[in-house]
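The values are calculated or read from the model by the stated rules, or taken from the named source; none is laboratory data. For clarity, every value in this text was computed on a predicted model and none was experimentally measured. Cβ coordinates were reconstructed from backbone atoms using ideal geometry, including for glycine residues, and neighbour counts include every protein chain displayed.
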Amino acid sequence: MTEKYRNIADMLELELRQMRAEGKTRLPSEQELAASCSCSRQTVRAALEVLSRKGLIVKRRGSGSYIADKVFSSKQVFFITEDCDRYQSPALISGLKDRLAQHRYELKVFSTGGNPGEEADVLSRAVSERPAALVIEPVCDVLPDPNYRLIEDVASGGTPVIYCNSTCNIPDGSVYIAPDFRDGGRTITTRLLKNGSRKPACIFRMDDSAGLEGYKGYIDALSDLCIAFDGARCLLLSYKEQKEIFSGYDRRLVSFAKEILKNCDSVICQNGIYARLIAGILKSHGIGIAVASMDSSYYTDRGESGILSPDYDLDALCKALSKTCISAAEGRDVKSIMVPVKG
């Protein structure tokens with residue numbers, strides 16, 4: 001019975017959201033549930049006890065089981081990000097907020113500054129407040145999140161967890177919405193190679209999925225066109241090193257430009273910030289090579305910067321993320337989505 005009642009409890013937990021969205025609060029009777037689940041009433045009773053301990057339902061003597069008053073009634077979606085004011089975050093947040101508002105959901109945004117302690121505080125709040133959905137944009141997702149148990153607590157309390165711009169270390173039961181980073185790396189590298197580049201360098205982070213997958217795409221493109229890989233041309237950074245660079249300590253980039261890029265004919269960067277920084281360093285040192293970014297933003301405006309980039313469809317990402325949030329909040333099945341990159 002052990003496995004059976006837990007499976008039934010998991011199934012019922014998913015159905016509770018749909019019931020709340022339809023305005024229903026009373027669960028079917030134990031006898032009805034036993035018939036629909038092809039099991040004994042004892043097994044159903046054990047499953048309901050699991051939901052009761054989680055605070056998802058309340059049992060009323062002589063009346064039956066009901067969805068707890070404060071469960072699944074929230075119209076708030078929590079969004080956890082490193083910095084809501086940096087890079088593409090403002091556009092993503094604005095678009096997501098507008099789309100959710102059309103369905104009467106409110107987006108609450110929390111910036112962590114990349115601090116696990118700040119993230120833990122927001123997750124603890126999500127455990128107690130039970131928002132309709134939780135969107136999290138982790139800083140370093142290749143390594144396990146130190147707050148993974150809190151994320152599990154959020155999910156076990158009935159709040160769906162959706163990872164944004166992240167494809168690594170996704171817990172069971174959660175989903176991700178992210179661009180196809182690998183295809184982005186492959187696409188922009190292929191463009192440079194087909195334009196005549198034979199010594200392409202790259203700058204990627206290795207502790208987030210965007211950098212890791214983009215780096216794989218870079219290697220894919222070299223292999224596709226039979227260009228020799230040279231590890232010396234690859235600058236692979238950590239989150240800590242990125243923070244130092246973005247804070248103005250760009251000696252690592254300067255050294256890479258003067259020692260490595262002067263002997264290359266192009267450089268592919270993980271994002272527009274790296275691309276803009278390295279383009280400025282190259283110009284100041286008189287090094288004339290092509291600069292490309294794996295994604296597009298105001299940093300890579302072709303008319304102003306000359307930085308090559310694929311068509312990163314932020315609106316498509318926002319649309320997929322909002323649709324997934326609403327579906328998950330209302331108890332419908334959701335799946336991970338990889339947003340394609342246009343060449």
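Residues of segment 318-343 that are more than 22 Å from residue 182 (Cα to Cα) and of a type in the set (D, E, K, R): 323, 330, 332, 333.
Of all residues in segment 64-82, those that are assigned to a loop (DSSP other than H, G, I, E, B), farther than 24 Å from residue 164 by Cβ and at pLDDT 85 or above total 0.
Listed here are the residues, each with its yes/no results for (1) at pLDDT 95 or above; (2) not assigned by TED's automatic domain parsing to the domain that holds residue 17; (3) not in a helix (DSSP H, G or I).
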| site | (1), (2), (3) |
| --- | --- |
| 87 | no, yes, yes |
| 92 | no, yes, no |
| 98 | yes, yes, no |
| 109 | yes, yes, yes |
| 125 | yes, yes, no |
| 140 | no, yes, yes |
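Do we have any residue at all in segment 283-303 that's on the phi < 0 side of the Ramachandran plot, at pLDDT 90 or above and part of a helix (DSSP H, G or I)? Yes. Only one entry in 216, 199 is under 16 Å from residue 310 (Cβ atoms), of a type outside the set (S, T, N, Q) and touching a residue at least 24 places away in the same chain (Cβ under 8 Å), namely 216.
What number of residues in segment 250-274 are modelled with pLDDT of 95 or more, among the β-branched types (Val, Ile, Thr) and more than 17 Å from residue 286 (Cα to Cα)? Final tally of qualifying residues: 1. The set of residues in segment 69-86 that are in contact (Cβ under 8 Å) with a residue 12 or more places away in the chain and more than 15 Å from the chain's Cα centre (by Cα) comprises 70, 71, 72, 73, 74, 75, 76, 85.
A residue that is part of a strand (DSSP E or B) and crowded, with 18+ Cβ neighbours inside 10 Å occurs nowhere in segment 28-49.
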